[in-house]
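Worksheet: the structure to be examined is printed underneath.
The values are calculated or read from the model by the stated rules, or taken from the named source; none is laboratory data. Not measured: the values here are computed from a predicted model. When we count neighbours, we look across all protein chains shown, and the Cβ atoms used for this are built from the backbone with ideal geometry, even at glycine. Keep in mind that these areas ignore ligands, DNA and RNA; they rest on the heavy atoms of the full protein, side chains included. Shrake-Rupley method; radii C 1.70, N 1.55, O 1.52, S 1.80 Å.
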Amino acid sequence: VKSLWPTMGVPLALACAAGLTRLWRLDLRVPFNYWGDSIFELVLAKSIVDGGWIWFVERLGAPFGLVIAAFPQNLFFSSLVMRVIAMFTHEPGLVLNLFWIFSVALTSVVCNLALRPLGLGKRSTLVLSTLYAILPHTFYRNIAHISLTYMFVPVICAQALLVLSRARQPAASKSEQQHLPRGLLVFSCLAIGVDYIYTAFFSCFFLAAAGI
């Protein structure tokens, strides 16, 4: 039960997201919206569904296809998740919508895990991680700017805070110091590093600032 505690916020976050977007009234095969970069994100989702990838779209940009490798989004991790979703559906809109819903759930879990070494209680962690997962930014950006999902940002912020706390208490023994799970930290850094450059840049900035 203790190991499952971080996932307790998933149904809560999803219930809040469903209530705020009224998911039961929507056809999930239809994209949630068409503003911002939604059309471009649908192009990537369509390429993934067709068995292609995000760096080249052979069905767009006649006569040789569209090369997107130089476009600075490079949503490798996000697209990898969408590739898994596309194994069960061939609807690009559904792939994009489900990825957004998945990002809400994963954000809640990751935030819960990131807050635990900061000394917060389980209930406080549950509430804060749920609230973080359903910030207004989540609904305002939605699928229109799917690159701005922030699933692993809490890990970087927590690590920066832990580095700062050690600087304030240098005499504390290693056994007394709190640490993020190493696997979570490494995986989060890798996922951020191969995804949107915006998140990677500011992650490096905050870690560097904390280290200095």
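State in Å² the accessible area per residue of the chain; use a 1.4 Å probe, count heavy atoms of protein chains only, and round to the nearest integer.
Result: 57 Å² per residue.
Using just the helices of the chain, give the 222 nm mean residue ellipticity in deg cm²/dmol: DSSP H runs with n ≥ 4 each add -39,500 (n - 2.57), and the total is spread over all residues, rounded to 500.
So the calculated ellipticity at 222 nm is -18000 deg cm²/dmol.
Once you mark the chymotrypsin sites (Phe, Trp or Tyr not before Pro) that are in a DSSP loop and have at most 13 other Cβ atoms within 10 Å, what is the longest gap between them in the chain?
89-212
Along the charge dipole of the chain, Cβ charges K/R +1 and D/E -1, which of LEU148, LEU164, CYS189 sits furthest on the positive end?
LEU164
Nearest 10 degrees is fine. How inclined is helix 76-85 to the longest principal axis of the chain, computing both from alpha carbons?
That works out to roughly 70 degrees.
Over the chain, with a Gaussian network built from C-alpha contacts below 10 Å, which listed residue (GLU91, GLU58, GLU41) shows the highest mean-square fluctuation?
Its mean-square fluctuation being the largest, the pick is GLU58.
Run the accessible area of the chain with a 1.4 Å probe and give the carbon-and-sulfur part as a rounded percent.
Of all accessible area on the chain, carbon and sulfur atoms account for 68 percent.
Please list 3J(HN,Hα) in residue order for the stretch 63-75, calculated via the Karplus relation 6.51 cos²θ - 1.76 cosθ + 1.60 where θ = phi - 60°; whole Hz, with x for glycine and proline.
Here the 3J(HN,Hα) series is x, 10, x, 10, 8, 10, 4, 7, 6, x, 6, 6, 7 Hz.
Of the chain, which part is the longest with no trypsin sites (Lys or Arg not before Pro) in a loop (DSSP not H, G, I, E, B) and with at most 15 other C-beta atoms within 10 angstrom?
Between the exposed loop sites, the longest stretch runs 60-173.
Given Cβ point charges of +1 (Lys, Arg) and -1 (Asp, Glu) and nothing else, what value in debye, to the nearest 20, does the dipole of the chain about its Cα centre take?
Using Cβ point charges on Lys, Arg, Asp and Glu, the chain gives about 760 debye.
Using θ = phi - 60° and the Karplus relation 6.51 cos²θ - 1.76 cosθ + 1.60, list the HN-Hα couplings for the stretch 153-164 in order, rounded to whole Hz, with x at every Gly or Pro.
Result, ordered by residue: 4, x, 5, 5, 5, 5, 5, 4, 5, 5, 4, 5 Hz.
I want the local charge near TYR196. Using Cβ-Cβ distances under 14 Å, sum +1 for each Lys or Arg and -1 for each Asp or Glu among the other residues.
Overall, the nearby charge balance is -2.
Scan (i) 11; (ii) 18; (iii) 21 for the value of percent of Cα pairs over 33 Å apart calculated from this model and give just the label.
Evaluating percent of Cα pairs over 33 Å apart on these atoms matches (iii).
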